[in-house]
Amino acid sequence: MAAFPKTRTSAQKQESIFERILNYKQFGLIVALILLGLLAKFITPAMYQPASLVAMLRNNSIYAILAIGEMVVILTGGIDISIASTLSLSGVISTTLMTQNPSVPAIVWVIVSLAIGALCGLFNGFLIGKLKMTPMIATLATMYIYRGLAFLISGGVWLFPNKFTEDFTVMSQGSILGIYNITWITIILFLVAGVFLSYTQPGRRIYAVGTNVESAHVSGIKIGNVTVMSYVLCGALSGLAGVLYTANYSICYYGIADGFEMQAIAICVLGGVSLIGGTGRIDGVVIGAVLMSVISYFIGLLPGLSVWQDAIQGAIIIVAVAINIFTERMTIKRILKERGAMI
Amino acid sequence: MNDYILELKDIVKTFDGVTALNGVQFQLKKGEVHALMGENGAGKSTFIKVITGVHQPDSGIMMLDGEKVSFHSTVDSQNLGIAAIYQHVTSFPDLSVTENIFMGQELKTKLGFYRWADMRKKAKEIISNLSDEIDVTKPMRSLSVAQQQLVEIAKALSRDARILIMDEPTASLTKHECEELYKIVDRLRDDGVSIILITHKFEDMYRCASRVTVFRDSEYIGSWDVDKISNAKLIQAMVGRELDQLYPKKTAVIGDVVLKVEHLSKEGYFKDVSFEARKGEILALTGLVGAGRTEVCQTIFGIMQPDSGSVYLDGQKVNIKSPIDALNHGIGLLPEDRQIQGLVYQLPIFQNVSAAVLDNFVQKGLLDNNQEMNKAIQLCEKIQLKAKNIAAPPSALSGGNQQKVVFAKLLNCDLKVLILDEPTKGIDVGAKNSIYEIMNQLATSGYTIIMVSSEMPEVLGMADRIVVMKSGRVSGEFNVKDATQERIMEAMVMKHEEPVELKKEA
């Protein structure tokens, strides 16, 4: 039965290593990263001191953790802009409890923060997956609610380093092999997320729902449940980011991490996660996160330019998305050409 | 009790008060191919979704192997060996062929991790029975429609299904591919699989099925042995009335060529498409799903840009870059999906009617609501819209009346050419009739009408001339008095290697 239309004669051909590199989805981002790295080598050599690099990774770990959660939600076709508020609520509650019970081991606060984050995510997921609210609206509302709760619980009080136990701060500030713990935790989370998204059923269901809801429905996938799960995961990661944040800076206040949700979304977009849902890979988000940190660090080191940091980051996002759209169109064109061979 | 593997009795299903199935019956024997036929909207697709558990019936009994069953989701039906290949290929475009085949029955390690290498290997084995040109690692969206369908079949095969439901599987296949599919169906039946084959093509039924059941207007009409029912009787069962009653065709005075399309091409969609449409004429553009008809219309209307070729209007070459250009030149499009493209459900009917021509009602920079309303009332009378209040949104109207609102919207513009993409899709028989009346009336008053339609009786019943497309090319052109169902079907499925014979007629 080999008589079906031969439309993709090249399909079975092995690609050469060169072609595989060129076709690698994150190729453009890596080139950008290398170019930026070279530029930095000449203009701000200070960036290449090991201490600088390690500090850069430490300071950007929170963004990266938030971006993992945000990615999971975006893959389903949703969005969560309440993550920074979730971070603040979980940070405020667990840090306040920590100062009141300094003898309790820090792992307890990690669990508490995960639970608070998961609850916040569960509520988002309930609104979106079960009540069918628009993700942007639902999480806009909960963004205010969670931040408001953080304010109420903290009473607007700042917690300063003298209140922090060493057991607590070492979670982020300790280091192994010269790299901060918070960075190690981020790396582990990336690995776990990668395995989860590629090799487990719940992870693959997230992609399935994002790429075609209708198909998911007739395939018997419980779309509401997958949606709720994605927001719970995102919330839990944001909650974890809460304790890691306060532990990292030894400071806690309800207004922490203001605007971080946009940074997380920006990393996802830069890393090629489509806001329509269904496409995006963890390696893209890793590179997106690294690229974003290098950019901000690099600009921060330039004396006259640092005031331009936000504007430049915005411009870079536009360029990155433009490149994404361009490559996407090229792919579609190529597919049409191959189909055209049939006509 | 009996030898039926699947039996459905008195199934009723309603959606928001609209009856989709009204007490239908179905009996499937083990190892038989049973054709399910009926017009579009007869309830076949809903019926399939009841069997597979996508929808739950309001009442009625479903028996599998003589035992009463009820499915809460497709997982339940899959577990009992029922697999369905839906009409519009329902795949996951961004996921790989492998993952599409294994969706819901992935191979996993004890710890629950996917065994990608094993899945790819097995997918390759299954797919190699059907085609050796499909790379199982490629995303589904990179395949052609026919290839995607093969993947769907592979998916069902991989599930060891006992009951296989195929919803118009041959709709987008060439004749040769159909033959291959028939062979697969034969092989499956010989292996003891029971198959429900939904089809519009008599050819499919005669070639594969031993029994046929007909639904019409959500009702069960009857079941027959295929060799004991005549064509005429079957058609009557499906349509339920005489053909000329359904299509009140009046031929208008046909004038000069208004729209001329020459060598229009768009890579991946259509190639070298040429045809003419005259004043007062209803030109049907037909072909199988995916033949490129909609894309040609969208190109004429400026939604898509052609790679080459030109469009002439009244002998003048026009360059249409956007829908606004098209409207300014007097070309209007009634889109296939009125729900998405035709109407704004939040706005009242009269504002929908004037949405495209608001400028006409602006006085001193402000919108004159009275004038807008009066024009809308006038147009709604012309098309005999049945609405209690045209200041209410169109969502409360029936499908047919919603379609009339879109007509009114088009008539509000100063148009010469109306392109109607599947104008009667998804509306009931009575409303269809009044849409046809409107088309007659418009043709008589001098409009040029291009009607895209997949329904053969509609094409034969309403058109003056028929252009058939196949795989992106024009494969035939007929004057309606020379056209027969067989000739059109032949042009629809003709293999493209054969030279295309274009019949030029005035």
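The values are calculated or read from the model by the stated rules, or taken from the named source; none is laboratory data. Predicted model only: the values in this text are computed from it and were never measured. Reconstructed Cβ throughout: ideal geometry from the backbone, glycine too, with neighbour counts over all protein chains shown. Areas reflect the complete protein model, heavy atoms only, side chains present, ligands, DNA and RNA absent. Shrake-Rupley method; radii C 1.70, N 1.55, O 1.52, S 1.80 Å.
Looking at the stretch A:132-186, which of the residues that are of a type in the set (G, A, S), without any contact (Cβ under 8 Å) to a residue 24 or more places away in the chain and in a loop (DSSP other than H, G, I, E, B) is least open to solvent (accessible area, probe 1.4 Å)?
Looking at the filtered set, the residue picked out is A:G174.
Return the only residue of A:G77, A:G129 being within 22 Å of A:I265 (Cβ to Cβ) and surrounded by fewer than 24 Cβ atoms within 10 Å (Cβ to Cβ). So that I can check it myself, show each step before the final result.
Numbers: A:G129 fails: surrounded by fewer than 24 Cβ atoms within 10 Å (Cβ to Cβ).
The unique qualifying residue is A:G77.
Can you list residue pairs whose Cβ atoms sit under 7 Å apart, with the first residue in the stretch B:89-113 being within 23 Å of B:E168 (Cα to Cα) and the second being part of a strand (DSSP E or B) and open to solvent by 20 Å² or more (accessible area, probe 1.4 Å)? Count only pairs 6 or more apart in sequence or on different chains.
Final answer for the pair search is B:P93/B:P139.
Name the helices (runs of 4 or more DSSP H) wholly within the stretch B:66-168 that hold at least 1 residues that are touching a Pro at 6+ places or on another chain (Cβ under 8 Å) and open to solvent by 10 Å² or more (accessible area, probe 1.4 Å)? Quick ask: steps written out before the conclusion?
Numbers: elements: B:74-79, B:97-102, B:116-128, B:145-158.
Once the helices (runs of 4 or more DSSP H) in the stretch B:66-168 are filtered for at least 1 residues that are touching a Pro at 6+ places or on another chain (Cβ under 8 Å) and open to solvent by 10 Å² or more (accessible area, probe 1.4 Å), what remains is B:145-158.
Which one of these does B:Q56 not meet: (1) open to solvent by less than 50 Å² (accessible area, probe 1.4 Å); (2) in a loop (DSSP other than H, G, I, E, B); (3) modelled with pLDDT of 85 or more?
The number of the failed condition is (1).
So, restricting to helices (runs of 4 or more DSSP H) that lie completely within the stretch B:365-476, which ones have at least 1 residues that are within 30 Å of B:V253 (Cβ to Cβ), over 22 Å from the mean Cα position of the chain (by Cα) and not basic (K, R)? Write out each step before concluding.
Values: elements: B:369-382, B:399-412, B:429-444, B:456-462.
Here the list reads B:369-382, B:399-412, B:429-444.
Is it the case that the stretch B:480-488 has a residue that's within 14 Å of B:Y247 (Cα to Cα) and not in a strand (DSSP E or B)? Break it down into steps so the answer makes sense when it comes.
Step one: of the stretch B:480-488, the residues within 14 Å of B:Y247 (Cα to Cα) are B:480.
Subset that is not in a strand (DSSP E or B): B:480.
So far as the stretch B:480-488 goes, yes, one or more of its residues are within 14 Å of B:Y247 (Cα to Cα) and not in a strand (DSSP E or B).
May I ask you to say which residue of B:T294, B:T286 is assigned to a helix (DSSP H, G or I), hydroxyl-bearing (S, T, Y) and open to solvent by less than 50 Å² (accessible area, probe 1.4 Å)? I'd like the intermediate steps shown before the answer.
Working: B:T286 fails: assigned to a helix (DSSP H, G or I).
Just a single option satisfies the conditions, and that option is B:T294.
Would you please name the residue that is most open to solvent (accessible area, probe 1.4 Å), looking only at residues in the stretch A:193-212 that are under 24 Å from B:A117 (Cβ atoms) and among the aliphatic types (A, V, I, L, M)? If you could, list the steps in order and put the result at the bottom.
Kept after step one, since they are under 24 Å from B:A117 (Cβ atoms), are these residues of the stretch A:193-212: A:193-208, A:211.
From what is left, the residues that are among the aliphatic types (A, V, I, L, M) are A:193, A:195, A:197, A:206, A:208.
Working: A:A193: 13, A:V195: 63, A:L197: 4, A:I206: 0, A:A208: 0 Å².
Once the filter is applied, the top-ranked residue is A:V195.
Being surrounded by fewer than 15 Cβ atoms within 10 Å (Cβ to Cβ) and of a type in the set (V, I, T) is the requirement here; does B:V258 meet it? First the steps, then the outcome.
Numbers: surrounded by fewer than 15 Cβ atoms within 10 Å (Cβ to Cβ): no; of a type in the set (V, I, T): yes.
For B:V258, the condition - surrounded by fewer than 15 Cβ atoms within 10 Å (Cβ to Cβ) and of a type in the set (V, I, T) - is not met.
Sort out which residues of the stretch A:213-230 are within 7 Å of chain B (Cβ to nearest Cβ) and buried (at least 22 other Cβ atoms within 10 Å of the Cβ), and write them in order of number.
A:S215, A:S219 - these are the residues of the stretch A:213-230 that are within 7 Å of chain B (Cβ to nearest Cβ) and buried (at least 22 other Cβ atoms within 10 Å of the Cβ).
Is it the case that some residue within the stretch B:150-157 is in contact with a Lys or Arg (Cβ under 9 Å, 6 or more places away or on another chain) and modelled with pLDDT of 75 or more? Outline the logic, then answer.
First, pick out the residues of the stretch B:150-157 that are in contact with a Lys or Arg (Cβ under 9 Å, 6 or more places away or on another chain): none.
The answer is no, given that none of the residues of the stretch B:150-157 is in contact with a Lys or Arg (Cβ under 9 Å, 6 or more places away or on another chain) and modelled with pLDDT of 75 or more.
Can you pull out the helices (runs of 4 or more DSSP H) entirely within the stretch A:34-129 that have at least 2 residues that are at pLDDT below 95 and within 21 Å of A:S154 (Cα to Cα)?
On the way: elements: A:50-75, A:83-100, A:106-125.
Output list reads A:83-100, A:106-125.
Since B:I82 meets every condition but one in (1) facing chain A (nearest Cβ under 10 Å); (2) within 26 Å of the chain's Cα centre (by Cα), which condition does it not meet?
It fails just one condition, (1).
Quick check: is even one residue across the stretch A:256-268 within 14 Å of another protein chain (Cβ to nearest Cβ), modelled with pLDDT of 85 or more and open to solvent by 40 Å² or more (accessible area, probe 1.4 Å)?
Checked against the condition, which is being within 14 Å of another protein chain (Cβ to nearest Cβ), modelled with pLDDT of 85 or more and open to solvent by 40 Å² or more (accessible area, probe 1.4 Å), the stretch A:256-268 yields no hits at all.
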